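Notes follow the structure.
The values are calculated or read from the model by the stated rules, or taken from the named source; none is laboratory data. None of the values given here were measured: they were computed from a predicted structure. Here the Cβ positions follow ideal geometry from the backbone for every residue, glycine too, while neighbour counts run over all protein chains shown.
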Amino acid sequence: MSRVLVVEDESAIAELVALNLRHSGYEVILAATADEAQAAVDRVLPDLVLLDWMLPGQSGLQLAKRWRTQARTRELPVIMLTARNEEVDKIVGLDAGADDYLTKPFSPKELLARIRAVLRRKAPEALDAAIDIGGLRLDPATHRVTRVVDEHPREVKIGPTEFRLLHFLMAHPERVHSRAQLLDRVWGDHVFIEERTVDVHIKRLREALLPVDCASLIETVRGSGYRLARPVDSLAG
């Protein structure tokens, strides 16, 4: 679950944004001032910050500039929220270190799409690193999934969507992901795809893994979503 820090001094806007983010599976922390935002970042580094330009005291612009000068927060993804819609304001915000810029009023769907896009750019999966869990090996460079069976490597025949889904689950073993989260991280900006689509592709993924006895790695967590479980022997090792 990605953690988003919402820095907004207008409580009605902050609560509306937080409601939409939580509904989409994000963990939300709220801050109304630059000092509160800094304290929240000092406690736990969020995955992304939604930062209002106009804040009481120190501005969001100043805060973004400060974060970009510090090693711990230099790569912190920041989306600036503001009522300023002039081109020069957008340039100033981006030059201050914002990764994206959204003018008020904005739609919840656009906000969520912008968040997904920034998170993908800032924190892509280790695209070239092969992953091995329980003898199941996924190699993004060659786009192959294999497992050694009776001392012989067997290739898993898998479609492109199932490959991306398996890649994401293997990159985050033991973590439970809701259908909405999987849509965000695997399908990206396709916001109109129905959540039941995830169930269809999970079924196909299990069918693809069945011949190499790995279908059971993909677990359904009732009422929550799906996870990839590490076999007991790989946990011990």
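Can you name the residue in the range 1-53 that is assigned to a loop (DSSP other than H, G, I, E, B), polar (S, T, N, Q) and touching a strand residue (DSSP E or B) at 6+ places or on another chain (Cβ under 9 Å) and is also surrounded by the most Cβ atoms within 10 Å (Cβ to Cβ) among such residues?
That would be SER2.
Which ones in the range 134-153 are modelled with pLDDT under 90 and within 23 Å of the chain's Cα centre (by Cα)?
Within the range 134-153, PRO140, ALA141, HIS143 meet the criteria.
Within the group VAL191, VAL200, which residue is out of contact with any strand residue (DSSP E or B) (no Cβ under 9 Å at 6 or more places or on another chain) and at pLDDT 90 or above?
VAL200
Please verify whether ILE158 is outside the structural domain of ASP184 (by TED's automatic domain parsing), touching a strand residue (DSSP E or B) at 6+ places or on another chain (Cβ under 6 Å) and β-branched (Val, Ile, Thr), treating the condition exactly as stated.
In short, no.
Listed residues LEU102, LEU76, LEU119; which is in a strand (DSSP E or B), closer than 16 Å to LEU5 by Cβ and either touching a strand residue (DSSP E or B) at 6+ places or on another chain (Cβ under 7 Å) or not assigned by TED's automatic domain parsing to the domain that holds ALA34 (or both)?
LEU102
Condition test on ALA83, is it touching a Lys or Arg at 6+ places or on another chain (Cβ under 8 Å) and at pLDDT below 85?
Criteria met by ALA83.
Tell me the strands (runs of 3 or more DSSP E) entirely within the range 128-211 that contain at least 2 residues that are in contact (Cβ under 8 Å) with a residue 24 or more places away in the chain and either on the phi < 0 side of the Ramachandran plot or in contact with a Ser or Thr (Cβ under 8 Å, 6 or more places away or on another chain) (or both).
Passing ranges, in order: 131-133, 136-139, 144-149.
Name the single residue, out of those in the range 212-234 being at pLDDT below 90 and assigned to a helix (DSSP H, G or I), that is farthest from the chain's Cα centre (by Cα).
ASP233
Among the residues of the range 162-175, is any more than 22 Å from the chain's Cα centre (by Cα) and crowded, with 19+ Cβ neighbours inside 10 Å?
no
Determine if the range 49-56 includes at least one residue that is assigned by TED's automatic domain parsing to the domain that holds LEU183 and in contact with a Ser or Thr (Cβ under 7 Å, 6 or more places away or on another chain).
no
Given the conditions (1) surrounded by 15 or more Cβ atoms within 10 Å (Cβ to Cβ); (2) closer than 24 Å to GLU27 by Cβ; (3) basic (Lys, Arg); (4) modelled with pLDDT of 90 or more, report the number of the one that ARG185 does not fulfil.
(4)
State whether one or more residues within the range 100-113 are in contact with a Lys or Arg (Cβ under 7 Å, 6 or more places away or on another chain) and under 29 Å from HIS172 (Cβ atoms).
yes
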